[in-house]
Amino acid sequence: MIKGNLLYEGKAKTVFETDNPNELLVYFKDDATAGNGAKHDIIEGKGIINNKISEYFFKQLKDRGIKSHFIEKIGEREMLVKKLDMIKLEVVVRNIVAGSLVKRLGLEEGTPLTVPVVEYYYKSDELGDPMLNRYHIMALDLAKIDELNQMEHVAFSINTILREILKAKNVDLIDFKLEFGRFDGEVILADEISPDNCRFWDIVTHEKLDKDRFRQDLGGVKEAYKEMLDRLTM
Ligand code: ADP
Ligand code: TMP
């Protein structure tokens, strides 16, 4: 595999072309941002940990029949993936109230939701990722109805699988964000699954083991990411 031109520099990852037109190289950076880039810092080693945690989850999901863009981890910070036609949506699944839901619904952080909730956000830095419903998505032609149904079904399946895996590691899955893309006429899971885009709490102490430690200036960000990696892989 030959690393080619830079395709996209994101906030947490950089994407490169390869000598195979159907494959991309994703490089995990140490940059942490919040508030659409308003808050920025470097968490040394975060990229290495997120690459490992994402590899772990993509492999676990594959074993349980969930297809993703993941091909293989090819370096400390580098992952080889299928090049997808990305759907400009963030698919969020929530089990327990946290983050933006606290303000939106006036509920206390930590309140369990009686059913898992799915939300869609328009992936647009200029607009600040506004929340969308199914009709907005269809009106903007971001995805077809059957693609949307497929993404929702897969997102809920992933929720069930991840909750089970994490429970065995004494971790509650509070919520998470997924991205999907098209490949060969199919919609498949993309991007990453890590403490950057999930909320993980210790089941007993409710200690936060995710990016909220950075967002809320709680300290111990790298230690929390490392703790998640150790619980998952040791
Ligand atoms: P952001 O774009 O929010 O700053 P990142 O820093 O994580 O996010 O950048 C990674 C970019 O790569 C994202 O825009 C994501 O949608 C895109 N991406 C993830 N997986 C794939 C893939 N398999 N094919 C093409 N693009 C992808
Ligand atoms: P929220 O409570 O801020 O809406 O976030 C819900 C989940 O989505 C949480 O696990 C963090 C994740 N997320 C991202 O990965 N990227 C984002 O841009 C946002 C807003 C949330």
Dimensionless Rg ratio for the chain, taking C-alpha atoms and the 2.2 N^0.38 Å reference: 0.97
Residues of segment 18-57 with amide N under 13 Å of the 7 Å Cα→Cβ point at TYR8: 24-27
Two-site FRET efficiency, HIS153 against ASN133, from Cβ-Cβ distance with R₀ of 22 Å, rounded to 0.05: 0.80
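Report the charge-dipole magnitude of the chain in Debye, nearest 20, computed about the Cα centre from +1 at each Lys and Arg Cβ and -1 at each Asp and Glu Cβ.
Dipole of the chain, to the nearest 20 debye: 320 debye.
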Order of LYS222, LYS3 under a 10 Å beta carbon neighbour criterion, fewest first: LYS3, LYS222
Candidates TYR120, TYR135, TYR56, ranked by Gaussian network fluctuation over the chain, Cα under 10 Å, top entry: TYR135
Amide H partners (placed H, <5 Å) of GLU207, local residues excluded: ASP202
Long-range amide H partners of LEU113 with built H, under 5 Å: ILE96, VAL97
Inter-site label distance for ASP217 and GLU23 at 7 Å from Cα along Cβ, in nm: 4.5
3J(HN,Hα) from dihedral phi, segment 72-78, Karplus parametrisation 6.51/-1.76/1.60, rounded to Hz, x for glycine, proline: 7, 7, 10, x, 3, 10, 10
Relative contact order %, the chain, counting alpha carbon pairs below 8 Å whose residues are six or more apart: 18
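None of the figures in this text is laboratory data; all of them are computed from the coordinates on show. Not measured: the values here are computed from a predicted model. Quick reminder, even Gly has a Cβ in these numbers, built from the backbone with ideal geometry, and neighbours come from all protein chains shown.
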